[in-house]
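Read the figures in this text as sums done on the coordinates, not as results from a lab. The structure displayed is predicted, hence computed values, not measured ones. Because the Cβ atoms are built from the backbone with ideal geometry, glycine has one as well, and the counts that use them run over all protein chains shown.
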Amino acid sequence: MPLRSLFFALLLAVASPLFGAEFDPVMETAERYVRAQTQGLPGKVTIAMGKLDASRLPPCTAHEAFSPPGTRMTGKTHVGVRCLGPNIWSVLVPVQIAITGNYVSTARALAAGQVIQPGDLVSSAGDLSTLPAGVVADPALAIGKTLRNSLGAGQPLRDNQLLAPMVIRQGQTVRVLSKGPGFAVSSEGKALSNASEGQIAQVRMPSGQTVSGIAKGDGSIEISF
């Protein structure tokens, strides 16, 4: 066999598996979308795409992925892929998304109204996709806050189960700081509502005017213009 013919025969033998591999644009579109949607999530993300027979779908030259209504990008879920042309259709692609990371659970039974102390919590590692939404990842985010409802030992702790300490209480005299471009004016008023840090608080000023501002950690209220 001439040297040139032998070269092309060897090239074909090496390249054949690649050329023979089936390219599935539907699955590729779905997986690319899942990876983009899960970027930045806390913990290690593992994605396992399910199976879909796309061979019977009408021809398509442009695909677009989307999240079906109510879809959560964790655990066992689905990603939608629609065809933009020349045919119009859509399919659901199954996917399993596991997120391994740290979460906080109760070390003992805790009562509603109890202020969380360091010994009340334990930090564990596991698949966050199997836990309720909003689970607390760092014990420091819960310590010092008040529990809304009672919890048994070993239960995951969620953000919406915690109340931040009150920094402003109704009836107390508070400092009101009004700030704007190039000015800052401090005055006093009477709080008309309770507020935790970062919440909106209402204050009655000496003039009788009622204003609203952001409660600060030092017990003051800031109004920005």
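Descriptive notes on the structure:
- Note on the chain: GNM, Cα springs under 10 Å; of VAL136, VAL115, VAL185, the largest mean-square fluctuation is that of VAL185.
- Relative contact order, whole percent, for the chain stands at 12, derived from Cα pairs under 8 Å and 6 or more residues apart.
- Degrees, to the nearest 10: 3-20 long Cα axis against longest axis of the chain: 40
- Fluctuation leader among SER196, SER129, SER105 - the chain, Gaussian network, Cα springs under 10 angstrom: SER196
- Ranked list, fewest to most other Cβ atoms within 10 Å of each Cβ, for GLU197, GLU64: GLU64, GLU197
- Contact order, relative form, for the range 121-225: 21 percent (alpha carbon pairs under 8 Å, 6 or more residues apart, mean separation divided by residue count).
- Taking the fewest neighbouring Cβ atoms within 10 Å as the starting point, the ordered list for SER67, SER55, SER212 is SER55, SER212, SER67.
- Charge dipole (Cα centre; +1 on Lys/Arg Cβ, -1 on Asp/Glu Cβ; no other charges) of the chain amounts to roughly 360 debye.
- Convex hull volume per residue for the range 22-98, taking Cα atoms only, in Å³: 91
- Taking a ≥ b ≥ c as the square roots of the eigenvalues of the alpha carbon gyration tensor, the range 166-224 is oblate, as a/c is not under 1.5 and a/b does not beat b/c.
- Potential lengthening between GLN172 and ILE214 on full extension [0.36 nm per residue; Cα-Cα distance subtracted]: 13.6 nm
- Three-way shape call for the range 76-217 based on the alpha-carbon gyration tensor, with the a/c threshold at 1.5: oblate
- Summarising the strand pairing of the range 166-224, around 85 percent of its internal DSSP beta bridges are antiparallel.
- Residue among SER150, SER186, SER90 with the largest mean-square fluctuation in a Gaussian network model of the chain, springs linking Cα atoms under 10 Å: SER186
- Axis of helix 25-37 versus longest Cα principal axis of the chain: the two differ by about 20°, to the nearest ten degrees.
- Here each label is just a point 7 Å from Cα along the line to Cβ, and for THR61 and ASN194 those points are 6.5 nm apart.
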